[in-house]
Amino acid sequence: MKVLLVGATFNSNFGDLLFSHLFYNKCKEAGFDEISFWQLPRGHAMCDFCRNELDYHKKVSLWRAMRHDALIVYSGGMWGEPVFTRRGTVKRFMRFILPALVFTLLRRPVYILGAGGGPLHTWPMRKMARYIWNHARRITVRNVETSDYYKSIGVTRDIELTSDTAQVITPQALPPFLEEQALNAFLAGRRFILLQFSYVNTSDRQMTAMLPAVKEFAQAHPEYAIVATTDKAEQVENLRQHMAGERGIYLYDYHDSWQLASLINLAAVVVTPTLHVGIVAASLGKSVLSFAGFYEKTHRYYDQIGESDRCLKYNTINKDIVLSQLEKFHDKPIVLSPITRNLAQKNLDIINEIPR
């Protein structure tokens, strides 16, 4: 039995890499004869950073990919387009829709596990996605909004509601943090706020609202130190340059998704503009403040776990708002329910049910 995996393997984004690890490892555990990743278009579907993280260096041609027995489109937001551009739509088609469409036309089983999605902005994408979903062997989605959207465009297939797969991550699943000795020397017994940056420039709210608020909060609460990082490897040097004049902040260079998860596990508070740093932090029982760039999909998550007050629109925040959120939530960790974690695990456990 040979299985082909389709996911967001084209960048160094923290959440996408964790999904790639989780599903790849689960497939290896399940004992398939061959496990491959979809790699077309070349240069745009699987990056070197992802290959090195997964220790996966196999080259898979289109002919070889189409000879697999089943296809898994694993967790992520591949079934929606946050914004429309012609170039972005073409890439989304090639990376995600094309392999699922070909397997569907060949009448080979397609499993869509832990999907997030909607809307799709062009009618050909909606038509192809509807066709794939109506013929998929199994579909699970991470929120009711995704289910409702796909039903609204004509999907009649059963859609199972689960939750985000990253919530299976627990402290016990994490490796030791390799910089813990240096970090502890910096902390000198203090707890820390992890301030996560995404795309960085001098004028955005990460520098004009989040950073000043966290610094002011730490001055008023000396039991807290500040650790800064990013969730994209290509942003490490950019962040380092922008933080060059800052003193008293520990800067962690993101280079490995599981090491970043281990750093999150050591934090007391996590301040983030992105979805999956917040989800992993919540899964690890941290206090999370979300200032979301993609507000709709991020707010869905916090609403789903009963913590919607922690999530604000990124483009509406200022220093005072961030400071107020810190004062309100810094000592209130998130505790996920066992039901939420079990639903997340279901996205992976379905792999064990795929006929060999």
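The values are calculated or read from the model by the stated rules, or taken from the named source; none is laboratory data. Values in this document were obtained by computation on a predicted structure and should not be read as measured data. A quick note on method: Cβ atoms are made from the backbone with ideal geometry, for glycine too, and the neighbour counts reach across all protein chains shown.
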Of all strands (runs of 3 or more DSSP E) fully inside the stretch 156-266, the set with 1 or more residues that are of a type in the set (Phe, Trp, Tyr) and closer than 26 Å to Asp16 by Cα is 191-197, 249-251
Quick check, is Asn342 part of a helix (DSSP H, G or I), in contact (Cβ under 8 Å) with a residue 60 or more places away in the chain, over 27 Å from Pro212 (Cα atoms) and not basic (Lys, Arg)?
no
Whichever residue in the stretch 60-95 is more than 18 Å from Phe37 (Cβ to Cβ) and polar (S, T, N, Q) and, among such residues, is surrounded by the most Cβ atoms within 10 Å (Cβ to Cβ)
Thr89
Does Met94 satisfy the condition of being within 28 Å of Thr298 (Cβ to Cβ) and touching a Pro at 6+ places or on another chain (Cβ under 8 Å)?
yes
Residues that are hydroxyl-bearing (Ser, Thr, Tyr), at least 3 per element: which helices (runs of 4 or more DSSP H) completely within the stretch 41-103 meet that?
none
What tally of residues in the stretch 306-322 results from selecting those that are in contact (Cβ under 8 Å) with a residue 60 or more places away in the chain, crowded, with 18+ Cβ neighbours inside 10 Å and hydrophobic (A, V, I, L, M, F, W, C)?
2
Hits in the stretch 306-339 (condition: more than 21 Å from the chain's Cα centre (by Cα), under 26 Å from Tyr199 (Cα atoms) and not in a helix (DSSP H, G or I)):
Ile317, Asn318, His330
Given the criterion modelled with pLDDT under 95, in the same structural domain as Tyr302 (by TED's automatic domain parsing) and of a type in the set (Gly, Ala, Ser), identify the matching residue among Ala261, Ala220, Ala267, Ala244.
Ala244
